[in-house]
Amino acid sequence: MDQEKKREKQPSRRRRGIYLLPNLLTTAGLFAGFYSIVAAIDGDFRTAALAIFAAMFLDGLDGRVARMTSTSSEFGKEFDSLADMVSFGLTPAIVTYQWGVERLAEFGNVWGRIGWAAAFLYVAAAAFRLARFNSNVLWTDRRFFQGLPSPAAAACIAAMVWVSTVYAIDGLVALVAGAAITATLAVLMVSRFSYLSFKDIKPGHRVRYTHLLIIPLAIIVIVIEPLNSFILLAVYASSGPATWAWRRSRRGSK
């Protein structure tokens, strides 16, 4: 009897451990977002940018682990959404504020107000984007996102700050461009443009070697040259409105 009880307890313990793994990954992503804020406050913008990229990687990993182990739960979804709001909503706004928006006030009060308004617009747009994603049950096409995903928007800001740090891009024009990019990303997040989700690859299905090479190549590109990562992310952010304009032009030509 004792052995049977032990056998019954072992699966439940193992099951709890499996459920814990995705939440631990989510917590690690949340810590990466928090550490990015700390690094930005300390003036280490390269580390702040890399921490956002780490949070983005962990955000994609926790969901895939949960799906592969069939341990998705309502708690996990809510926790992941709250962590995303910190890592991809609040963190990028604080990083871009510490990087340049704060310095816009040096060129006049008007520029300073425009800068922090752009940072707040990004936070509000990220919150709206996440709330719409959680409540939009009618959007069933897993191949596409409605609006620019907040992790991609956050990574774009991280790449922008990283590039400006590496190449010593400074001055009023650069700071205004940074605020404009931040505001544009905010608008794209709340837009209805369609973006590829890259979720059509399911575990257990055969995947082409060319598809498997995309992930390591992307990581190499980001680590070696931040400018390449910014260009790739800018192309992805532009793909939504570009695709919409292309489809609209085709309809008009018919």
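In the condition set (1) assigned to a helix (DSSP H, G or I); (2) in contact (Cβ under 8 Å) with a residue 24 or more places away in the chain, Glu78 is compliant with all but (2). Could we say that Ile231 is over 24 Å from Arg113 (Cβ atoms), part of a helix (DSSP H, G or I), modelled with pLDDT of 60 or more and over 15 Å from the mean Cα position of the chain (by Cα) here? Considered against the rule, which asks whether it is over 24 Å from Arg113 (Cβ atoms), part of a helix (DSSP H, G or I), modelled with pLDDT of 60 or more and over 15 Å from the mean Cα position of the chain (by Cα), Ile231 comes out as yes.
Any residue in the range 188-209 that is closer than 15 Å to Gln98 by Cα and either at pLDDT 85 or above or in a helix (DSSP H, G or I) (or both)? No; the residues of the range 188-209 include none that is closer than 15 Å to Gln98 by Cα and either at pLDDT 85 or above or in a helix (DSSP H, G or I) (or both). With respect to the conditions (1) within 17 Å of Phe145 (Cα to Cα); (2) modelled with pLDDT under 60, Ile220 lacks only one, and its number is (1). Within the range 10-31, residues that are farther than 23 Å from Leu50 by Cα have Cβ atoms under 6 Å from residues that are at pLDDT below 85 and not hydrophobic (A, V, I, L, M, F, W, C) in these pairs: Ile18/Thr69; Ile18/Thr71; Tyr19/Thr71, counting only partners at least 6 apart in sequence or on another chain. You will find that of Ala119, Ala180, the residue that is at pLDDT 70 or above and closer than 23 Å to Gly29 by Cβ is Ala119 and no other.
Quick grid of which residues meet (1) part of a helix (DSSP H, G or I); (2) buried (at least 20 other Cβ atoms within 10 Å of the Cβ); (3) without any contact (Cβ under 8 Å) to a residue 24 or more places away in the chain:
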| position | (1), (2), (3) |
| --- | --- |
| Arg46 | yes, no, no |
| Phe53 | yes, yes, no |
| Met56 | yes, yes, no |
| Arg67 | yes, no, no |
| Pro92 | yes, yes, no |
| Arg113 | yes, no, yes |
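The values are calculated or read from the model by the stated rules, or taken from the named source; none is laboratory data. This one's a predicted model, so the numbers in the text were calculated from it and none came from an experiment. Positions of Cβ are backbone-derived with ideal geometry, glycine not excepted, and every protein chain shown enters the neighbour counts.
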